[in-house]
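Heads up, the thing below is written out as structure tokens.
The values are calculated or read from the model by the stated rules, or taken from the named source; none is laboratory data. The shown structure was predicted, so the numbers you read here are calculated from the model rather than taken from an experiment. FYI the Cβ positions are ideal-geometry reconstructions off the backbone, even for glycines, and counts take in every protein chain you see.
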Amino acid sequence: MSDANRPSARDDLFASPLGNIPRFAFDQAVVDVFPDMIQRSVPGYQTIINLCGELAARFVQADSNCYDLGCSLGASSLAIRQQIQQPGVTIVAVDNSAAMLARCQTLLQSDQAATAVELVEADICDIEINNASLVVMNFTLQFIAIEKRQALLEKIYAGLNPGGCLVISEKLLFEPESLNQLLSELHHQFKSAQGYSDLEISQKRDSLENILIPETLETHINRIKACGFNSASPWFQCFNFASLVAVK
Ligand SMILES: C[S@@+](CC[C@H](N)C(=O)[O-])C[C@H]1O[C@@H](n2cnc3c(N)ncnc32)[C@H](O)[C@@H]1O
């Protein structure tokens with residue numbers, strides 16, 4: 001387990017009654033509890049991060065770039081970095097939260113792996129992607145405005161080398177609504193079992209309303225294929241969270 005995943009201060013940001021619930025933001029308060037928050041909120045998070053390292057071992061090409069889009073504290077970058085044996089590789093880790101990147105920089109300094117990591121503070125919709133053998137977007141597309149998602153994926157497809165791999169991990173929406181309700185309730189149970197109270201779960205849900213916008217698996221797969229990928233498939237799912245892989 002890398003330092004970016006090590007349990008941090010306990011997430012109690014939504015534990016007390018908040019009155020007016022603030023819009024969720026990846027600010028310093030979230031940075032301070034982020035590893036604890038994401039591991040107790042996203043079922044399968046650690047498995048997905050670890051297995052991104054396995055995908056890196058398989059797909060990363062010498063003298064190419066890997067992109068970690070929405071890198072937060074660099075958990076995916078570090079998992080990837082530890083598995084890269086090829087020379088001449090740069091991991092480009094991008095986030096638009098200065099607070100996240102500042103902590104990420106500190107965590108990277110305590111990692112000894114040889115592959116270069118370049119931190120970029122930018123909107124992932126504005127950056128260039130080129131000479132990529134692996135692009136990882138773990139739990140980030142869901143924060144991008146829906147109308148920008150197709151163009152972002154087309155840019156990623158264009159920047160991937162033949163044989164390059166895209167990983168997208170997301171919270172999912174389900175149809176019909178009864179199935180969505182079931183999987184939401186199972187997720188709620190997961191969070192309760194992780195020690196979150198009903199108040200914390202409901203206040204955080206309200207805070208994320210219209211900020212985290214999930215889509216169905218079918219919507220994701222259709223969008224990925226419309227960019228030119230021949231195939232796309234989930235390789236991991238737990239309740240309403242899944243990770244998809246597509247190869248150019
Ligand atoms: C749930 S976190 C991602 C977690 C991280 N990938 C991991 O696996 O630990 C979402 C991240 O995406 C970043 N983000 C959201 N919208 C962004 C955008 N338009 N451009 C760049 N980063 C963005 C947030 O600042 C946040 O750090």
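Could you list, ordered by first residue, the pairs with Cβ atoms under 7 Å in which the first is in region 21-42 and surrounded by 20 or more Cβ atoms within 10 Å (Cβ to Cβ) and the second is among the aliphatic types (A, V, I, L, M) and part of a loop (DSSP other than H, G, I, E, B), at least 6 apart or interchain?
Matching pairs, first to second residue: Phe34/Leu73; Pro35/Leu73.
Are there any pairs, at least 6 apart or on different chains, whose C-beta atoms fall under 7 Å, with the first in region 1-19 and over 11 Å from Phe34 (Cα atoms) and charged (D, E, K, R) and the second modelled with pLDDT of 85 or more and more than 16 Å from the ligand (Cβ to nearest atom), and if so, which?
Between residues of region 1-19 that are over 11 Å from Phe34 (Cα atoms) and charged (D, E, K, R) and residues that are modelled with pLDDT of 85 or more and more than 16 Å from the ligand (Cβ to nearest atom), the close pairs are Asp3/Ser110.
Just name the residue that is nearest to Phe59 (Cα to Cα) out of those in region 166-193 that are within 16 Å of the ligand (Cβ to nearest atom) and either part of a helix (DSSP H, G or I) or not aliphatic (A, V, I, L, M) (or both).
Across region 166-193, the extreme among qualifying residues is Ser169.
Consider region 74-126. How many of its residues are in a loop (DSSP other than H, G, I, E, B), hydrophobic (A, V, I, L, M, F, W, C), surrounded by 16 or more Cβ atoms within 10 Å (Cβ to Cβ) and within 12 Å of the ligand (Cβ to nearest atom)?
1
Just a yes or no: is a residue in region 57-72 farther than 17 Å from Ser169 by Cβ, hydrophobic (A, V, I, L, M, F, W, C), out of contact with any His (no Cβ under 9 Å at 6 or more places or on another chain) and assigned to a helix (DSSP H, G or I)?
So far as region 57-72 goes, yes, one or more of its residues are farther than 17 Å from Ser169 by Cβ, hydrophobic (A, V, I, L, M, F, W, C), out of contact with any His (no Cβ under 9 Å at 6 or more places or on another chain) and assigned to a helix (DSSP H, G or I).
Quick check: anything in region 170-188 buried (at least 16 other Cβ atoms within 10 Å of the Cβ) and under 21 Å from Cys71 (Cβ atoms)?
Checked region 170-188: at least one residue is buried (at least 16 other Cβ atoms within 10 Å of the Cβ) and under 21 Å from Cys71 (Cβ atoms).
With the condition kept exactly as written, say whether any residue in region 144-162 is within 16 Å of the ligand (Cβ to nearest atom), surrounded by 21 or more Cβ atoms within 10 Å (Cβ to Cβ) and within 21 Å of Asn50 (Cβ to Cβ).
No, region 144-162 contains no residue that is within 16 Å of the ligand (Cβ to nearest atom), surrounded by 21 or more Cβ atoms within 10 Å (Cβ to Cβ) and within 21 Å of Asn50 (Cβ to Cβ).
Scan region 215-248 residue by residue and report those that are surrounded by 17 or more Cβ atoms within 10 Å (Cβ to Cβ), of a type outside the set (A, V, I, L, M) and touching a Phe, Trp or Tyr at 6+ places or on another chain (Cβ under 9 Å).
If the condition is that a residue be surrounded by 17 or more Cβ atoms within 10 Å (Cβ to Cβ), of a type outside the set (A, V, I, L, M) and touching a Phe, Trp or Tyr at 6+ places or on another chain (Cβ under 9 Å), then Cys227, Phe229, Cys238, Phe239, Asn240, Phe241, Ser243, Lys248 are the ones that fit.
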